[in-house]
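Everything on this sheet refers to the single structure shown next.
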Amino acid sequence: MLKGTFTMMSQKSTWAEIYRIISIKIGLVQVFANFAGAGVCYSYFAFFDSSAPVSLVTIGLLITIVMTAGLVVIGYILNRRWEKGLSEYVRLKMAGRSVSQKLEEEARRKILNLPFMAAFVALINWAMASVIMSGYNFIETALVETFTAASFQALMVFVGVIISGIITSAIVFFVVEILARKTWPHFFPRGDLSKTPGALQMKLRTRMFIAFTLASIVPMILMAILSYNKARLMLVMNPEDVIQSLFHLTAFLLIAALAVTVILSYLVSSSIIGPVKGMETAMIKVRKGDLTASARVVGNDELGILSESFDQMIEGLRDRERIKETFGRFVTPEIARAILENPPVPGGENTEVSILFSDVRNYTTICEQLSPEDVIALLNDYFSYMVQAIEKHHGLVYQFVGDGIMAVFGAPVKLTDHANFAVRSAIEMMDALDRFNTEIRSGLPPIRIGIGINTGPVVAGIIGTQQRMEYRVVGDSVNLAARIEALNKDFHTDVLISRSTVDQLKDHFNLKAFQPVKVKGKEDHVHVYEVLSEP
């Protein structure tokens, strides 16, 4: 209960922060950027361009302030109207209420398009400002100069204002995008940003082109135009005054160009480095084995698509690990790994292994005394003890047959001393059985088992059809191991091994030989030995 309440409060807090970003922070960015751009643009014409009517500085400043404030209000109204569906979606999320699919789709589309809309509104405002200011300068200049001079002055103002507007709009776009990126993972928890219909995209090449053009080409073009204008003025003004004015103008443009270059470079690099750093961090985690890592998709450009592909790859790895883990519960992790590393193809290879069969002696009697559910629980406990003893000595459990276990030593993982490992595993199983009877069957009749081991050639590999395959070891050696296990009933023993197993033992074991015995399916008599204890 407390956990659910805490989660709900955390979600409300998250969406409240998103609402502040959309409604307040982005709005402040737009206001500040436009006023700053207007201030720089006005300062240029009022203080550095000597061809401007300096006597009108005070009136021009008032007009600039009033016009900028009015255009900011217009821009605010346009933004509010456009963001209506987006704001409604965020408010509903903040209140913990459900939203319709239509509203969610609209909000996702608009949150991706928000940087474009903010830049577009800013550009419209600056276009209107360029028309107003150029018209104002034309009228004022025409009162004291010729029509040609007034037209040239109006054109200079128009070009200067519109270029300032383009630069300001670009800065607004990148700053708003950085703020909006913080909200995108909450709108797109699955990271499918690139699949949003109607969402605009800005490719990496476009970003680099805009930054390069505004930071280098535009200042050079302005410098060329303004240098020509100053040179023309030398025909009608004191050359020394023109040169001094040109010096001031050049210094202003250099400072402005440097500021624009630094700002745009930082913003563009941040929009690229952020997603790259996210993928780099996720890759480091994956390299360390953490498959819960995510690139955190924060874009629908090439880097966003790359992040989505990275997350899909990680999801594929997680699926593979889940399959591998689940598969390993049925055929042991080693067999699962061997099959996954080598695609299953019907067929197999000849190899020599040691096969172990075990069987519960009084299984039928036990089943009669227990319910089916209790029988399953008992077998699971019993198998957990036995499997641990087998795997401790590098054996692989191939299958459970009722109460029986079939284990193989030497396939698919090769073992040089598979006979030794098989016999040691059998002794370990008997010890584990004692612990099982003490810990699980305390106060109940103990369980007894018989174990048979044989060593010989088999064919190990995939059998079945293309639709259903199993990894198996087959051959007469397997059948003989099962027959030897059954002989424990006749000899009243626990562990019996074949002569072929004895011949390959490198360690000393206490063995007891029996007279050769006839077994089903074999023409020759079989030599068997009881394993009494470890050396």
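The values are calculated or read from the model by the stated rules, or taken from the named source; none is laboratory data. Keep in mind that what you see is a predicted model, and the values were worked out from it rather than measured. Reconstructed Cβ throughout: ideal geometry from the backbone, glycine too, with neighbour counts over all protein chains shown. Accessible surface is based on the protein model in full, side chains and every heavy atom, while ligands, DNA and RNA are left aside. Shrake-Rupley method; radii C 1.70, N 1.55, O 1.52, S 1.80 Å.
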Average accessible surface area per residue within segment 344-391, 1.4 Å rolling probe, Å²:
53
Alpha-carbon centroid distance for the pair segment 163-221 / segment 260-298, whole angstrom
16
Hull-based mean projected area of segment 383-430, where the convex hull spans the alpha carbons, in square nanometres:
3.0
Per residue value of the accessible surface for segment 122-175 (all protein chains in place, 1.4 Å probe), Å²:
42
Expressed in nm to one decimal, what extension gain is obtained for the pair Ile178 and Asp431 from 0.36 nm per residue of sequence separation less their Cα-Cα distance?
84.5 nm
If the limit is 26 Å between Cα atoms, which of Lys288/Lys414; Lys102/Lys285; Lys12/Lys277; Lys110/Lys203; Lys392/Lys522 go over it?
Lys288/Lys414; Lys102/Lys285; Lys12/Lys277; Lys392/Lys522
One would report the Cα pair-distance distribution of segment 113-233, bin width 10 Å, in %, as 12, 31, 27, 17, 9, 4, 0
Please state the charge dipole magnitude for segment 91-188, taken about the Cα centre, from unit charges on C-beta atoms (+1 on K and R, -1 on D and E), reported in debye and rounded to the nearest 20.
820
Got a number for carbon plus sulfur as a percent of segment 434-518's accessible area, 1.4 Å probe?
50
Between Met220 and Asp381, the two model label points (7 Å from Cα along the beta-carbon direction) sit apart by a distance in nm of 8.4
Binned Cα-Cα distances of segment 405-461, short to long, each 5 Å bin given as a whole percent
4, 15, 24, 17, 14, 10, 8, 5, 2
Rounded to a whole number, what % of the accessible area of segment 82-205 do carbon and sulfur atoms account for, probe 1.4 Å?
63
Let me know the shape class of segment 482-529, please: from the alpha-carbon gyration tensor, a ≥ b ≥ c as square roots of the eigenvalues, rounded when a/c is under 1.5, otherwise prolate if a/b is greater than b/c, or oblate.
oblate
If packing is taken as the mean number of other Cβ atoms within 10 Å per residue, what is the order of 179-191, 409-421, highest first?
409-421, 179-191
Check cross-link reach from Lys520 to the lysines: straight Cα distance under 21 Å, and skip same-chain residues fewer than eight apart.
Lys489
With Rh as the Kirkwood radius over Cα pairs, segment 360-441 has Rg/Rh of 1.02
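Compute the Cα gyration tensor for segment 428-535, then decide on rounded, prolate or oblate, letting a ≥ b ≥ c be the square roots of its eigenvalues: rounded whenever a/c is under 1.5, prolate when a/b is larger than b/c in the other cases, and oblate in all that remain. Walk me through the numbers on the way to the answer.
Numbers: a/c = 1.88, a/b = 1.22, b/c = 1.54.
Taking the square roots of the gyration eigenvalues as a ≥ b ≥ c, segment 428-535 is oblate.
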Summed residue charge, Cβ within 10 Å of Val495's Cβ, Lys/Arg positive, Asp/Glu negative:
-3
Is the C-alpha gyration tensor of segment 356-515 telling us rounded, prolate or oblate? Criteria: a/c under 1.5 is rounded; beyond that, a/b larger than b/c is prolate, otherwise oblate.
oblate
